[in-house]
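This report concerns only the one structure given below.
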Amino acid sequence: MTRIVIGGQMGKDELRQLLEKLTAGKDVEISVKSDLDAAMAVKDNKADFYIGACETGAGGALAMATALLGSSKTLTVASPSKVLSEADIKEGIDNGKIAFGFTINTKDTILPILAKYLTK
């Protein structure tokens with residue numbers, strides 16, 4: 001089972017609903033927590049991946065995950081000035097990234113890519 005926790009600062013319930021639709025029929029557990037509790041869940045191996053959204057894709061979305069997991073485990077997949085390609089996101093996952101931040105307005109682009117590669 002893949003365990004995904006949603007933290008960050010914006011749209012948590014909206015992200016959960018969309019992610020549940022995208023992963024329907026797969027062995028996935030999705031939960032919503034505060035950014036601190038979500039990052040701790042990943043750190044303590046109670047969740048496999050962290051997803052968060054905010055206005056910048058890095059600050060409120062990933063600050064706690066970066067502090068607790070280290071920058072080598074986090075990836076901003078969308079910021080106001082750049083949205084990573086699917087290939088770049090896959091490469092990040094393949095290279096051990098487990099926490100992902102993005103701007104809330106890119107959720108419809110980013111979540112299908114994350115769902116595809118996090119729930120193989």
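Beta bridges from DSSP with both residues in segment 6-120: antiparallel share about 15 percent, rounded to the nearest 5. When the solvent-accessible area of the chain is split by element, carbon and sulfur atoms take up 49 percent of it, the probe being 1.4 Å. Computed with a 1.4 Å probe on the full set of protein chains, the accessible area for Ser71 sits at about 80 Å². Binning the alpha carbon pair distances of the chain at 5 angstrom intervals from zero yields the distribution 2, 13, 26, 28, 22, 7, 1, expressed in whole percent. Projecting the Cα positions of Ile110, Gly70, Val83 onto the charge dipole of segment 66-120 (unit charges on Cβ atoms of Lys, Arg, Asp and Glu, taken about the Cα centre) puts Gly70 furthest along the positive direction. Largest first and in whole Å, the equivalent-ellipsoid semi-axes of segment 1-63 read 18, 15, 8, each the square root of five times a Cα gyration tensor eigenvalue. Taking one quarter of the surface of the convex hull spanned by the alpha-carbon atoms of segment 25-90 gives a direction-averaged projected area of 5.2 nm². Dividing the mean sequence gap of close Cα pairs (under 8 Å, 6+ apart) by how many residues segment 66-120 holds gives a relative contact order of 40 percent.
Solvent-accessible area per residue in the chain equals 48 Å², computed with a 1.4 angstrom probe and all protein chains kept. Near Ser34: Cβ cut-off under 15 Å, other residues only, Lys/Arg at +1 and Asp/Glu at -1. The net charge is +1.
When the alpha-carbon atoms of segment 55-120 are used, the pair Rg, Dmax equals 10.9, 29 angstrom. How large is the accessible surface of Glu91 in square angstrom, using a 1.4 angstrom probe and rounding to the nearest 10? My reading of the accessible area for Glu91 is about 100 Å². Could you tally the net charge around Gly8, taking each other residue with its Cβ under 14 Å from the Cβ of Gly8, Lys/Arg +1 and Asp/Glu -1? The answer is -1.
Taking the Cα centre of the chain as origin and assigning +1 to Lys and Arg Cβ atoms and -1 to Asp and Glu Cβ atoms, the resulting dipole is close to 140 debye.
The values are calculated or read from the model by the stated rules, or taken from the named source; none is laboratory data. Just so it is clear, the model here is predicted, and its values are computed rather than measured. A quick note on method: Cβ atoms are made from the backbone with ideal geometry, for glycine too, and the neighbour counts reach across all protein chains shown. Protein only, heavy atoms only, side chains kept; ligands, DNA and RNA dropped before computing areas. Shrake-Rupley method; radii C 1.70, N 1.55, O 1.52, S 1.80 Å.
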